[in-house]
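**Student:** One structure, as structure tokens, below. Some questions next.
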Amino acid sequence: MDKIEVKLLNPDSFDTAMTVMVAGARLTQRGEQIKDMHDFMELYKRPVKQETLDRMVSLPHANIQRFGMPIVAVVGASRRFLAQITRHQDDVHFISASLQYSDYSNKAAFCVPYTIMQYDKLHVNRAALEEGYYTRQYIKSQQQAMAEYEAAIKAGVDHDAAAYMMPQGLRNVLIIGATPFQWKHMISQRVCNRNTLETQYVMLLIWEELCRYNCTMMWNSGPDCTQPCGCREGTMSCGESFKDMSGLSPMHYLKKRFPLLVE
């Protein structure tokens, strides 16, 4: 997990999202004043105060936050992360590196789970006797699966069928486009402890990246347990509330949860 990177590809999308959000809200209240396109464009281009933006973002009206689509590239996360994050379908789009068309023979890299990194860094159990023991064993298991994949490719098996032999730890490249409202929803769901540590880490990186460009639209982000509504999972709750971190930046979460990666 130490080589996962994220980047917002279109920072200006937040400007569009905010402009349309306010214009749309004004439109619902002043429709009778708009007689032609000139009237509408005057409303659309009307200056907006920061307090107006803050008030709009805090409203429970998701529709006005669905215009504009910040797009984030994720490089180095595993295909297990891909399987989890693509469960989201509303107002979100994905493009992933394809196992059907790509040949990873002699090119595979693997995402090392955080717990395995911890065991080696803290010299837990066998790692106290052999430096880096658990990482080596993990990489060995991934390479064994890749050896079978490469053998199948050489034997003429098509990439699509051979891909079934791919390990979940294979690093991937993914593009995610989502509305600001959906980004906040995904962050609330995937920063929660009910997810894998990798998924939590990637979504914290994305949350931090989005906040770098626009804190206004990302206002009130974070896991449900830090929000006024509280956790909505009921008996399925993780039982490890982040409530004491309510209002803190994603970097605080990163430092608390993943100190080996944020040194």
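The values are calculated or read from the model by the stated rules, or taken from the named source; none is laboratory data. As the structure is a computational prediction, the values presented were derived from the model and not from experiment. Heads up, the Cβs are rebuilt from the backbone with ideal geometry, glycines too, and the neighbour counts pull from every protein chain shown.
**Student:** Which condition breaks for residue 77 when tested against (1) in a strand (DSSP E or B); (2) surrounded by fewer than 15 Cβ atoms within 10 Å (Cβ to Cβ)?
**Tutor:** Here residue 77 clears every test but (2).
**Student:** Follow-up question, since we're still on this one. Which of the residues belonging to the stretch 177-231 are surrounded by fewer than 18 Cβ atoms within 10 Å (Cβ to Cβ), among the charged types (D, E, K, R) and more than 19 Å from residue 6 (Cα to Cα)?
**Tutor:** Across the stretch 177-231, the qualifying residue is only 194.
**Student:** Using beta carbons and a limit of 7 Å, which pairs, at least six apart or on different chains, have the first residue in the stretch 193-211 and on the phi < 0 side of the Ramachandran plot and the second one of a type in the set (Gly, Ala, Ser) and part of a loop (DSSP other than H, G, I, E, B)?
**Tutor:** Close Cβ pairs satisfying both conditions: 207/221; 211/249.
**Student:** Which members of the stretch 80-105 meet the condition of being β-branched (Val, Ile, Thr), touching a residue at least 40 places away in the same chain (Cβ under 8 Å) and surrounded by 13 or more Cβ atoms within 10 Å (Cβ to Cβ)? Working first, answer last.
**Tutor:** To start, the set of residues in the stretch 80-105 that are β-branched (Val, Ile, Thr) comprises 85-86, 92, 95.
In the following step, the residues that additionally are touching a residue at least 40 places away in the same chain (Cβ under 8 Å) were identified as 85, 92, 95.
Once the filter is applied, which keeps residues that are β-branched (Val, Ile, Thr), touching a residue at least 40 places away in the same chain (Cβ under 8 Å) and surrounded by 13 or more Cβ atoms within 10 Å (Cβ to Cβ), the stretch 80-105 yields 85, 92.
**Student:** With (1) part of a helix (DSSP H, G or I); (2) over 12 Å from the mean Cα position of the chain (by Cα) as the list, and residue 173 as the residue in question, which single condition is left unmet?
**Tutor:** All conditions pass for residue 173, except number (1).
**Student:** When residue 205 is evaluated against the numbered criteria (1) assigned to a helix (DSSP H, G or I); (2) in contact with a strand residue (DSSP E or B) (Cβ under 7 Å, 6 or more places away or on another chain); (3) not assigned by TED's automatic domain parsing to the domain that holds residue 234, which criterion, by number, is the only one it fails?
**Tutor:** Checking residue 205 against (1) assigned to a helix (DSSP H, G or I); (2) in contact with a strand residue (DSSP E or B) (Cβ under 7 Å, 6 or more places away or on another chain); (3) not assigned by TED's automatic domain parsing to the domain that holds residue 234, the one that fails is (3).
**Student:** Out of curiosity, is residue 126 surrounded by 14 or more Cβ atoms within 10 Å (Cβ to Cβ) and assigned to a helix (DSSP H, G or I)?
**Tutor:** Details: surrounded by 14 or more Cβ atoms within 10 Å (Cβ to Cβ): no; assigned to a helix (DSSP H, G or I): yes.
Taking the combined requirement at face value, the residue does not satisfy it.
**Student:** Just need a number here: residues in the stretch 87-121 that are closer than 24 Å to residue 187 by Cα and assigned to a loop (DSSP other than H, G, I, E, B).
**Tutor:** Qualifying residue count, the stretch 87-121: 9.
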